[in-house]
Structure formats: C-alpha cells, structure tokens
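In what follows, a structure is listed as structure tokens, so that the remarks can point back to it.
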Amino acid sequence: MGHAWSVLCPKEERAGMVEALRTIDGLAECEFAQDASELRERMAECASGERSALIGLSKSGVSDVNLAAAIASDGHAEKVVLALRSPSGSLRSRAARAGIDLVVDLDGVSPAPSAEMDAAPVPEPLQNSDGGRTSAAPGPALAPEGARAPILTFCSGRGGVGKTSVVACAAVAAASWGMRVELVDLDLSCGNLYAMVGLARGTDLSRLSAEDLGDAERLGRLGASCGERIRVWGPCERPETSELVSGIVSELLGALALDADLVLVDTSPTFSEAVALAVRQSDRVVLVHDSRPGSLAALARTSGLAVRLGVARTRIARLENRVDVRDRTDPALGRAEVGLEAARAFTALDGGDEVSDYLGYGDAAGLLEVGSPFAESVAACLAQLLQELGSLPEAEPAQRAAQGLAPRRRGLFRRRREAV
C-alpha cells in the first residue's frame, strides 16, 4: 500500500498532477480536495505524518505558495509539495523559507493518460454531524511562525483619531531598530500614509497583478521606498478603482510578510471588504480611539465586528490616542463596556502641534528624533506588541522601548524644525 496524498488543483490539471506525484512517490495513493478549506480539513483529520499534500494551479482565491505554507504551519502533513509551471528562483526561495518541502516544475512533467486521471478517487465533501458541509475555521493561509513577519492592522471605526499618525510613527520606530517594514494603506480612496513618511505617492494597489504577487523580486521593485527599510503600498491612485483591490489583499499581505520583518496596515474609518480581509489575517488588530464623546461606542462597534469576522479577542489590542500626560484616568476604564476585558490597553501621549507640524512635512522620523512624547509612546506600544509576538529586535532602543524607557540620545540639543 502506497503513501496517502491529498491533492488540490483544477479538474483539468489532474492528469499533470498525477504524473508529477509519480515522480515524487511512485507508490502514491491520492485523493483530490475540492477547495482549500477541504484540503486543510483532510490534513487536520489525519495523524501527524500520515498524509502528505500536493498543491498547484489551484485558483482557490489564496495563492498556492501561501496555502502550502499554511499546510506546513499546521504541522499535520508528512510532506508539503508545491507544483507550478516554470517557478521562479525567488518563488522557490519563498517556499523554502515558508517550510514547503519541495517545488516541482510541471513544465518538465508529461501528462498522464486521461483514463488514469479519471481513476483517481475524488472524495465527497466532508459532512458534519448535521449533514452540512464543514469548513476550516476562518483564518489566513500563512507561512509558519518565525518564517514570516508579524502583521499588525490598525482600525478605528471613526475618523480623526490619529490612526494614520500612529502607523507612520510605528513604522519609523521599527525601521530605526533595524527592521524591514512594509506599510500597507487600505484607506483605498483617500489614504495619505505615504505623505506622512515623506513620499509623493505610494504604490497603486489597483495596478498589482497576480504575476506581481507571485514573484517576490518583481513585487519588491514595485514598492514605493522610503529610505532603506520602509516600503509603502497603497492607496489607489483613482478612488473608483478601489473595488479592484479586495481580491489581492490576502495574497499581498502574505507575500510581504515572507520578505520583511514587520507589516503594518492602516485602514479606512469603516470596514471595507479589503479591511475585513486584513483584519482576519493579522496577528494583532489594534483599535485606535480617543477620549471624544462617542469614542467608546465606536470602539464597541469595531471590536464587535472584528470578533464576528473570526478575530479572537486575545488578538485585539486597544490604543487610546492623544492622552494628556497629566490625566490620571485608568487606561483600562471602559474595557468591559466594549467587550475588551482581555485586550491589552495602550496609550499614546498627546504631542501637541509638534505632531501635526512634523507629519505635515512628511517627517515622521523627525518626531522620533526630537523625543516627541507621542512618537516615543507609540514606539513603546509597538515594542510591547512585538515582544508578545516574539518578534522584538535585540537592538537596545527596541529593548528600552519595550520597558517604557526613553532612548538614549546624543548631543546637547534636540533637532527642531524652524517656523516658516
């Protein structure tokens, strides 16, 4: 009796996949899954090492490499093999980093006769105890922990709370610790994250293609670079094209996370489909709010929606922005009201006009350099989140930030921008 394999591919590609499988395992016995969720379910049902997975040309809405990485991360498969046509060297490198055992070039495999293809068993969809189709728990198809960067998504539920300012300062803080940061602006129609880090524009997300997302080297050339360590993606150059982006969000975040140290996602005040996809794929969802009237109500609506999308409450953090340093209010106040009893509560101190002045000039890095209380408290929040995720750099400034300590500064004077 041969080794058991579960295969995911389009029906018209099964002959080639059967032949490719024979080049790997001459005694293989295979069954075909109908979609990505069923494949993961079948692998999860087996004892560890009892079954292997072969994935290729699946057209499942999730890229083959990300799906294969998720199967490898689940830890049930003995082997995880990716079968593609003319895979690039960069894709093979991504696959290796994600824990995928082998990448097979289908162009070098001759198709099997159609009779042999038809002989391969096609299983019925799995049934639950009520007779309905089961599905995998909602969640991203990602590379194993440690092989990819953490993804942090910042949401608000209302405009004007300073969410984009927080994301920009978090990015420059991470970059100052030596991290490679991917900034994704999902305020697709009106986002201006690129401007806060000094760029004239970001990468138009509506112009990205499947070919771009499948080739790490090609994708890397498309990002709008801010210095050596930050790249900015989004929003859309034309607001009317924003509806084209939802189909690529999951794949884009997965690809960026395989080639960076940190992915930060800024969002629109309301949950679009693109924002919902990012929230589900994130390691932490940070809800940004302030103390204005109605803030707790907006926070409650946003947290409730995130939970309904399948985000565990333990993956949600809360950041109150523009907190007066003299305010003695308990930062945990109101957590029960919005259902966030288990959520970490952070504060970002009010930086006054200095924050809008620097960010208006596109100089988020300058805020950190001059010791802005806003920038330093955002850095502390980021450092503690990364520490929770096991991704905090060993750089001294990062370690000090995680302890809530101000960075050591050189020189007698801080840099200030002259008024004009």
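The values are calculated or read from the model by the stated rules, or taken from the named source; none is laboratory data. Predicted model only: the values in this text are computed from it and were never measured. Here Cβ is always computed from backbone atoms with ideal geometry, including for glycine, and neighbour counts include all displayed protein chains. When the accessible area is computed, the model is the full protein with side chains, heavy atoms only, and any ligands, DNA or RNA have been set aside. Shrake-Rupley method; radii C 1.70, N 1.55, O 1.52, S 1.80 Å.
Could you identify the single residue in GLU31, GLU19, GLU12 that is modelled with pLDDT of 85 or more, assigned to a strand (DSSP E or B) and over 20 Å from GLY254 (Cβ atoms)?
Values: GLU19 fails: assigned to a strand (DSSP E or B); GLU12 fails: assigned to a strand (DSSP E or B).
Among GLU31, GLU19, GLU12, only GLU31 is modelled with pLDDT of 85 or more, assigned to a strand (DSSP E or B) and over 20 Å from GLY254 (Cβ atoms).
Considering each of ALA168, ALA174 in turn, give the residue that is out of contact with any strand residue (DSSP E or B) (no Cβ under 7 Å at 6 or more places or on another chain), assigned to a helix (DSSP H, G or I) and open to solvent by less than 10 Å² (accessible area, probe 1.4 Å). Unique residue meeting the criteria: ALA168.
The set of residues in the stretch 178-197 being open to solvent by less than 20 Å² (accessible area, probe 1.4 Å) and either not aliphatic (A, V, I, L, M) or not in a loop (DSSP other than H, G, I, E, B) (or both) consists of VAL181, GLU182, LEU183, VAL184, ASP185, LEU186, GLY191, LEU193.
Take SER52 and decide whether it is over 18 Å from SER250 (Cα atoms), in contact (Cβ under 8 Å) with a residue 12 or more places away in the chain, open to solvent by 40 Å² or more (accessible area, probe 1.4 Å) and not hydrophobic (A, V, I, L, M, F, W, C).
Numbers: over 18 Å from SER250 (Cα atoms): yes; in contact (Cβ under 8 Å) with a residue 12 or more places away in the chain: yes; open to solvent by 40 Å² or more (accessible area, probe 1.4 Å): no; not hydrophobic (A, V, I, L, M, F, W, C): yes.
It is false that SER52 is over 18 Å from SER250 (Cα atoms), in contact (Cβ under 8 Å) with a residue 12 or more places away in the chain, open to solvent by 40 Å² or more (accessible area, probe 1.4 Å) and not hydrophobic (A, V, I, L, M, F, W, C).
Of everything listed in (1) surrounded by 22 or more Cβ atoms within 10 Å (Cβ to Cβ); (2) closer than 30 Å to ASP212 by Cβ; (3) touching a residue at least 60 places away in the same chain (Cβ under 8 Å), the single unmet condition for PRO87 is (3). In the stretch 208-248, what count of residues is obtained for those that are farther than 27 Å from SER176 by Cα and out of contact with any Lys or Arg (no Cβ under 8 Å at 6 or more places or on another chain)? The qualifying residues number 18.
Residues that are under 9 Å from the mean Cα position of the chain (by Cα) and among the polar types (S, T, N, Q) within the stretch 249-287 comprise SER250, GLN281, SER282, listed in sequence order. Helices (runs of 4 or more DSSP H) fully within the stretch 198-305 that include at least 2 residues being free of Cβ contacts under 8 Å to residues at least 12 places away in the same chain, closer than 24 Å to ALA365 by Cβ and open to solvent by 20 Å² or more (accessible area, probe 1.4 Å): none found. Please indicate, with yes or no, whether at least one residue in the stretch 307-319 is more than 17 Å from TRP177 (Cβ to Cβ), crowded, with 21+ Cβ neighbours inside 10 Å, modelled with pLDDT under 95 and among the charged types (D, E, K, R). Checked against the condition, which is being more than 17 Å from TRP177 (Cβ to Cβ), crowded, with 21+ Cβ neighbours inside 10 Å, modelled with pLDDT under 95 and among the charged types (D, E, K, R), the stretch 307-319 yields at least one hit.
Screening LEU67, LEU39 for residues that are of a type in the set (A, V, I, L, M), surrounded by 21 or more Cβ atoms within 10 Å (Cβ to Cβ), under 12 Å from VAL80 (Cβ atoms) and free of Cβ contacts under 8 Å to residues at least 40 places away in the same chain leaves exactly one candidate, LEU39. Answer yes or no: is there a residue in the stretch 51-66 that is over 20 Å from the mean Cα position of the chain (by Cα), aliphatic (A, V, I, L, M) and assigned to a helix (DSSP H, G or I). No; the residues of the stretch 51-66 include none that is over 20 Å from the mean Cα position of the chain (by Cα), aliphatic (A, V, I, L, M) and assigned to a helix (DSSP H, G or I).
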